[in-house]
Amino acid sequence: QVQVVESGGGLVQAGGSLTLSCVASGRIFSIGVMGWYRQAPGKQRELVALIKSGESTFFRENTNYADSVKGRFTISRDNAKNTVFLQMNSLQPEDTAVYYCKADSLDINSYKYLEIWGQGTLVTVSA
């Protein structure tokens with residue numbers, strides 16, 4: 001009964017920036033990993049970035065990025081608001097895709113984490 005909704009997509013010129021937001025709502029008991037995926041026309045869905053619920057440490061970062069976006073995109077979250085963000089800088093035409101939010105939600109009945117997917121938001125980068 002948990003759902004996530006993305007927002008913030010749109011049209012931007014190459015070199016520009018855009019910030020995506022994803023809010024989880026419903027009967028939430030615990031949200032684990034949250035992440036962003038994208039699917040370009042004619043291609044398979046791919047991972048963009050992940051973030052765990054805890055804080056980064058000296059020994060291990062709590063974020064992971066695809067090589068293609070590392071250094072340009074930044075993922076962050078507000079656990080109190082069950083929200084994850086994706087700050088996208090230096091956007092290029094190859095970043096054009098539908099961006100999907102995913103949250104791992106603890107199901108109280110099965111005590112398993114279920115993958116909750118959003119409907120997606122379109123990001124178009126013009127040359």
For residue 45 the rounded accessible area (nearest 10 Å², probe 1.4 Å, non-protein molecules ignored) is 100 Å²
Karplus-derived 3J(HN,Hα) from phi for the stretch 44-54 (6.51 cos²θ - 1.76 cosθ + 1.60, θ = phi - 60°), whole Hz, x at Gly and Pro, runs 7, 5, 10, 6, 9, 7, 10, 9, 7, 6, x
Amide H proximity to residue 2 below 5 Å, modelled H, separation 5+ or other chain, gives 27
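What dipole magnitude, in Debye to the nearest 20, does the chain give about its Cα centre under +1 on Lys/Arg Cβ and -1 on Asp/Glu Cβ?
100 debye
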The answer for trypsin sites (Lys or Arg not before Pro) in the stretch 49-119 that fall in a DSSP coil and have at most 11 neighbouring Cβ atoms within 10 Å is 60, 112
Diffing the stretch 16-26: the Karplus 3J(HN,Hα) column from phi (6.51, -1.76, 1.60, θ = phi - 60°), in whole Hz with x for Gly and Pro, holds x, 10, 7, 10, 9, 10, 9, 10, 8, 8, x
Residue-normalised value, i.e. accessible area per residue, for the stretch 40-107 at 1.4 Å probe, in Å², stands at 58 Å²
In terms of the alpha carbon gyration tensor, root eigenvalues a ≥ b ≥ c, rounded if a/c is under 1.5 and otherwise prolate when a/b exceeds b/c or oblate, the chain is prolate
So, relative contact order of the stretch 75-126 in percent, Cα under 8 Å, 6 or more apart, is 34 percent
Correct response: the longest run of the chain lacking exposed GluC sites (Glu not before Pro), defined by DSSP loop and at most 13 other Cβ within 10 Å, is 62-127
Counting only protein heavy atoms with a 1.4 Å probe and every protein chain in place, the carbon and sulfur fraction of the accessible surface of the chain in whole percent equals 50 percent
Residue-ordered couplings for the stretch 99-104, obtained by feeding phi - 60° into the Karplus form 6.51 cos²θ - 1.76 cosθ + 1.60 and rounding to whole Hz (Gly and Pro as x), are 9, 10, 9, 10, 10, 8
Residues whose built amide H sits under 5 Å from the amide H of residue 16, excluding neighbours closer than 5 in sequence, are 91
Treating only Lys and Arg (+1) and Asp and Glu (-1) as charged, each at its beta carbon, one finds that the stretch 71-127 has a dipole about its Cα centre, in Debye to the nearest 20, of 120 debye
Mean separation of Cα contacts under 8 Å (at least 6 apart) over the residue count of the stretch 1-88, i.e. the relative contact order in percent, is 28 percent
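The values are calculated or read from the model by the stated rules, or taken from the named source; none is laboratory data. Computed from a predicted model, the values in this text were never measured in an experiment. FYI the Cβ positions are ideal-geometry reconstructions off the backbone, even for glycines, and counts take in every protein chain you see. Each accessible area value is taken on the protein alone, full model and side chains, heavy atoms only, with ligands, DNA and RNA left out. Shrake-Rupley method; radii C 1.70, N 1.55, O 1.52, S 1.80 Å.
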